[in-house]
Amino acid sequence: TIILVQTAANAMIREAEQESDRRHRAIGVMGSIRGIRPVKPDGYEFAKAGLHNMVRGLGSELGPHGISINAVAPGTVDIPLEHQRYGSEAGYHAAWHSVSPLKRADGHLPFADDIAATMLFALRSRHMTGEIISVNGGYLHMPQLPLDQQS
């Protein structure tokens, strides 16, 4: 991810220097709630925390070139992988709904399209850079599930 971001940023800087227009250019990075609130110390969490810090640092470096960079840090997303982790879709919903302060009107936590919509917002925002946007259904405000329920 770091190499891809560096490559894209360098290409955007060169393009911006060659053009007289002042169009907005943006980079989006996929972070994770686990880079904000660790569950267990592992390489995934370390990597995501590092990506978040890269986004924060590059926000001020790329801004003068008309480039914004932001990250979306999803929490648990309502996908089949999460259902398997909790034994079934019903088990997943029971575990999360027992502690989540925010539920969608239809009773689900965020779907993949909710994360995609947030990334599009971050990419289109001309006056936001170096930010980590967490889409987590209130995860940061709820008690932690036991480690044996998380991976």
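The values are calculated or read from the model by the stated rules, or taken from the named source; none is laboratory data. Quick caveat: nothing in here was measured; it's all calculated off a predicted structure. No Cβ is skipped: glycine too gets one built from the backbone with ideal geometry, and neighbour counts run over all protein chains shown.
Here 109, 123 are screened, and the one residue that is modelled with pLDDT of 85 or more and of a type in the set (A, V, I, L, M) is 123. Inside the stretch 126-151, residues that are of a type in the set (Ser, Thr, Tyr), touching a Ser or Thr at 6+ places or on another chain (Cβ under 8 Å) and at pLDDT 75 or above make up a count of 1.
Looking only at the stretch 17-36, residues that are in contact with a Lys or Arg (Cβ under 8 Å, 6 or more places away or on another chain) and surrounded by fewer than 18 Cβ atoms within 10 Å (Cβ to Cβ) come to 1 in all.
Within the set 61, 45, 82, the sole residue that is more than 25 Å from residue 137 (Cβ to Cβ) and part of a helix (DSSP H, G or I) turns out to be 61. Just one of (1) assigned to a loop (DSSP other than H, G, I, E, B); (2) under 20 Å from residue 73 (Cα atoms) fails for residue 28. It is (1). In this structure, residue 15 does not qualify as charged (D, E, K, R) and in contact with a helix residue (DSSP H, G or I) (Cβ under 9 Å, 6 or more places away or on another chain). Considering only residues in the stretch 60-97 that are of a type in the set (Ser, Thr, Tyr) and over 25 Å from residue 27 (Cα atoms), the one that is surrounded by the fewest Cβ atoms within 10 Å (Cβ to Cβ) turns out to be 88.
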